[in-house]
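Following: one structure in structure tokens, then a few remarks.
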Amino acid sequence: MDKEIKEALNKAREYLLKEQNEEGFWASTMKEPKGPEYLQKPIVITSQVIDALIHLELKNNNSINRAILYCYKERLEEIDIVELLAYQLSALSYSNAVFIKKKTKQLLNMSKLIPSLSHRSRIRSLHSKLWGITAR
């Protein structure tokens, strides 16, 4: 890999690790956020940062583990849109801890209550892609 690319990836890794909140999440730093409001929520940003850090191949996973634990503890309400549930499931998919897998199954069962079939199928599709299994 090119030296400049490695340096850029190292800077990105350092920046992301430095910006993590003590509680384990990342929050938007934009003064004027663009796009839908729900995309600015910490659960969404944290899920995306977990994905980035996984691909940046950290040697120490403590930051990722703290972020996954934050996502595990984050409570979504029935009024929250389905995309937030999908981001939460995405973050949890990186853990192999039994208690987190149980939470994931609970979230998937909760998706059965979502009225729109297309939303349910998006969540199940995401789960299948990430975990390689189909929820029942």
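The values are calculated or read from the model by the stated rules, or taken from the named source; none is laboratory data. Since the model is a prediction, treat every value here as computed from it, not as a measurement. Please note: Cβ atoms are built from the backbone with ideal geometry, for glycine as well, and neighbour counts cover all protein chains shown.
Descriptive notes on the structure:
- Complete set of residues in segment 23-35 that are at negative phi and at pLDDT 80 or above: Glu23, Phe25, Trp26, Ala27, Ser28, Thr29, Lys31, Glu32, Lys34
- Filtering Glu32, Glu23 for residues that are of a type outside the set (S, T, N, Q), assigned to a loop (DSSP other than H, G, I, E, B) and touching a residue at least 40 places away in the same chain (Cβ under 8 Å) leaves a single hit, Glu23.
- For the residues Leu17, Leu39, Leu117, Leu113, the requirement of being at pLDDT 80 or above, more than 15 Å from the chain's Cα centre (by Cα) and not charged (D, E, K, R) singles out Leu17.
- Contact annotation: residue pairs with Cβ atoms under 7 Å, 6 or more positions apart or on different chains, pairing a residue in segment 87-107 that is touching a residue at least 40 places away in the same chain (Cβ under 8 Å) and buried (at least 22 other Cβ atoms within 10 Å of the Cβ) with a partner that is not in a helix (DSSP H, G or I) and not hydroxyl-bearing (Ser, Thr, Tyr), are Gln88/Glu74; Gln88/Leu76.
- Condition check for Leu76: within 18 Å of Lys41 (Cβ to Cβ), out of contact with any strand residue (DSSP E or B) (no Cβ under 9 Å at 6 or more places or on another chain) and not in a loop (DSSP other than H, G, I, E, B): no
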